[in-house]
Amino acid sequence: MTSPIVIGIETSCDETGIGIVSGTTLLAHQVASSMDEHVAFGGVIPEIAARAHVTEFLPVLDAALAEANITLDDVDAIAVTAGPGLAGALMVGVAGAKALAVATGKPLYGINHLIAHIGVGFLDDVGADLHNVNQLGALLVSGGHTEMLKINSLTSDVELLGSTIDDAAGEAYDKVARLIGAGYPGGPVIDKMARQGNPTAFKFPRGLTAPKFMGNAEEPGKDRYNWSFSGLKTAVSRAVEQFELRDMNVPANDIAASFQEAVADVITHKAVLAATEHGIDHILLGGGVAANSRLRALLTERTEAAGIGLTIPPINLCTDNGAMVAALGAQLVADAVEPSPMNFSADPTQSV
Ligand code: KG4
Ligand code: ZN
């Protein structure tokens, strides 16, 4: 049988993404983002995101079909992000996907967004041979998630090893950027500022690394592989205050560099620890924060030192997109997994 052609639809946050794959071959990858409309508010406004998905759904679909040079008749299945994400935003994608499925009679798959971030790693375009890895793990870091996962089976058994107990890493970047007056979204700006700053100027806390949280390998603490970024954000806020109270210039570049170092250090430390203690021999990195230069460098260094392989997909496949949803959908079709019932709902709090 030829590889199934699957359309993937992603609308969980501010990106309207529609991708098309044939098996593991990427045929189309179209994304429209409403980020420009959120910048003035310093964060994604759910109502604006949902409305933008309504506007963009059909143009992005048309662009994807044109890029793949196919029509809806050629499609074997439709996949759509069911959760987690913003409720109203998810509902637009799910409703649109259901309409397409009813109109075309094609099977429909409701997809978990987190697992789709991993599914994208199996596309030929990523160039990694993840099928030949003994035990795959995934580190997802974005504005909405910070998770370490163990992938026993992509389509049926993904285990959550650790996650943030408060802010996502990207969220912490965005909040700290606001504190130092760096604009939104904060990640890229802080990354740039950090290049001009000293990463050891401030000793910012690495959350949940005290022995009472970590325990040891034999008796792991509850938060051994979990992250917390709220204390770090407070520490940055206090540092900024100290300078402002004295009417001194805030050393924004040093704060950015020291904050970035703290985030990259604690994320990579716990991810590599979780991998080592769970027999994971290859990590796939995903999410928008995968663009961060320090996180990439430190994760490369620490996985190499631990003898763990690392795949970082091209950044436009790390950030939210439809190709990842299509990639996972194609694997579900290949594994003969039953399509979702037509009455499934968007699930904003869905876990793995
Ligand atoms: O995956 P993504 O596009 O959307 C979701 O949040 O799901 O990730 C966006 C996040 C934002 O918080 C943004 O500040 C962060 O990724 N980001 C970065 C960098 N580029 C984007 N964070 C750190 N360094 C970067 N270079
Ligand atoms: Zn995402």
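Here are a few things to note about the model shown:
- Simple Cβ-charge dipole of the stretch 132-312, Lys/Arg +1 and Asp/Glu -1, about Cα centre, in debye nearest 20: 360 debye
- Taking a ≥ b ≥ c as the square roots of the eigenvalues of the Cα gyration tensor, an a/c ratio of 1.5 or more together with a/b larger than b/c marks the stretch 132-312 as prolate.
- Beyond 25 Å in Cα-Cα separation lie the following of the pairs Lys212/Lys270; Lys150/Lys233; Lys98/Lys175: Lys150/Lys233; Lys98/Lys175.
- If R0 is 41 Å, the Cβ-Cβ spacing of Lys212 and Val337 corresponds to a FRET efficiency of close to 0.45.
- DSSP assigns beta bridges within the stretch 132-312; of those with both partners inside it, close to 60 percent run antiparallel.
- Relative contact order [Cα under 8 Å, 6+ residues apart], the stretch 132-312, whole percent: 29 percent
- Taking Cα centre as origin and charging only the Cβ of basic (Lys, Arg, +1) and acidic (Asp, Glu, -1) residues, the dipole magnitude of the chain rounds to 940 debye.
- Separation of the Arg51 and Gln242 label points, Cα + 7 Å toward Cβ, nm: 4.4 nm
- Phi-based couplings in Hz for the stretch 254-267 (Karplus 6.51, -1.76, 1.60; Gly and Pro marked x): 5, 5, 4, 5, 6, 5, 4, 5, 4, 5, 5, 4, 6, 5
- The phi torsions of the stretch 15-30, fed into the Karplus equation with coefficients 6.51, -1.76 and 1.60 and a -60° offset, translate into couplings of 9, 9, x, 10, x, 10, 10, 10, x, 9, 9, 7, 9, 7, 8, 10 Hz, rounded to whole numbers, with Gly and Pro shown as x.
- In the chain, a dipole from Cβ-located charges (positive for Lys and Arg, negative for Asp and Glu) runs towards its positive end, and of Gly83, Val54, Tyr173 it is Tyr173 whose Cα lies farthest in that direction.
- Residue of Leu317, Leu232, Leu58 that the Gaussian network model of the chain assigns the largest fluctuation, springs spanning Cα pairs under 10 Å: Leu58
- Residue-by-residue Karplus 3J(HN,Hα) for the stretch 134-142, coefficients 6.51, -1.76, 1.60, Hz, glycine and proline x: 5, 9, 8, x, 9, 10, 10, 9, 8
- For the stretch 132-312, with +1 on Lys and Arg beta carbons and -1 on Asp and Glu, the positive-most of Pro205, His145, Ile190 along the dipole: Ile190
- Here the contact order of the chain, divided by its residue count and restricted to Cα pairs under 8 Å and six or more residues apart, works out to 26 percent.
- Of the residues Leu100, Leu114, Val289, the one whose Cα sits farthest toward the positive end of the charge dipole of the chain, with +1 on the Cβ of Lys and Arg and -1 on the Cβ of Asp and Glu, is Val289.
- Placing R0 at 35 angstrom, the Cβ-Cβ distance between Thr234 and Thr155 gives a FRET efficiency of 0.30 after rounding to 0.05.
- Under a Gaussian network description of the chain, with springs only between Cα atoms under 10 Å, the residue in Glu244, Glu159, Glu37 that fluctuates furthest is Glu244.
Throughout, read-outs are computed from the coordinates displayed, never taken from laboratory work. These numbers were taken from a predicted model, which means no experiment stands behind them. Quick reminder, even Gly has a Cβ in these numbers, built from the backbone with ideal geometry, and neighbours come from all protein chains shown.
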